[in-house]
């Protein structure tokens, strides 16, 4: 593992750009040497290596973080499309974007298809999908299929599993 020099997040060895902030993880300027075989008057210049650039985006999406309060796990998300919150079920082919089964979701009453987290314009919304044990924002139960606006710092409860949402407005 290596640490990003910009944001100090842990990154796998060999990673070129930080997955959190996009900073370059290359610590030295690598140079490649060209060896001339049998050519007279070849240049002794050492060209700079061509390094890949991070993907360009027209407009960087604001990120949000879901903090699972019972485990402390932080789930960093870019919300461009609707994200399904729930529990994975291989047998039924259910693979949520945010698998809360990793945080005791089954024992906490998280449904397989519990809720949708989405971005609508400049707002974030949460919508209960008719879950068995309910979805709550700051203690208030959501009516199924009724999108409800979220604010940074809101507490979300899926069954009895408590989450906090944090917005990173870049």
*asked:* Could you check region 89-100 and list, in sequence order, the residues that are outside any loop (DSSP other than H, G, I, E, B) and crowded, with 17+ Cβ neighbours inside 10 Å?
replied: 98, 99, 100
*How many residues are at pLDDT below 95 and over 17 Å from the mean Cα position of the chain (by Cα) if we restrict to region 108-142?*
4
*Within region 101-124, which residues are in contact with a strand residue (DSSP E or B) (Cβ under 7 Å, 6 or more places away or on another chain) and part of a strand (DSSP E or B)?*
113, 114, 115, 116, 117, 118, 123, 124
*Please indicate, with yes or no, whether at least one residue in region 71-90 is out of contact with any strand residue (DSSP E or B) (no Cβ under 7 Å at 6 or more places or on another chain), at pLDDT 75 or above and more than 24 Å from residue 151 (Cβ to Cβ).*
yes
_Please count how many residues of region 143-170 are under 20 Å from residue 103 (Cβ atoms), surrounded by 11 or more Cβ atoms within 10 Å (Cβ to Cβ) and out of contact with any helix residue (DSSP H, G or I) (no Cβ under 7 Å at 6 or more places or on another chain)._
12
*Can we say residue 133 is surrounded by fewer than 15 Cβ atoms within 10 Å (Cβ to Cβ) and farther than 19 Å from residue 79 by Cα?*
no
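The values are calculated or read from the model by the stated rules, or taken from the named source; none is laboratory data. Source: prediction; values computed, not measured. Every residue, glycine among them, receives a Cβ derived from its backbone with ideal geometry; neighbour counts consider all protein chains shown.
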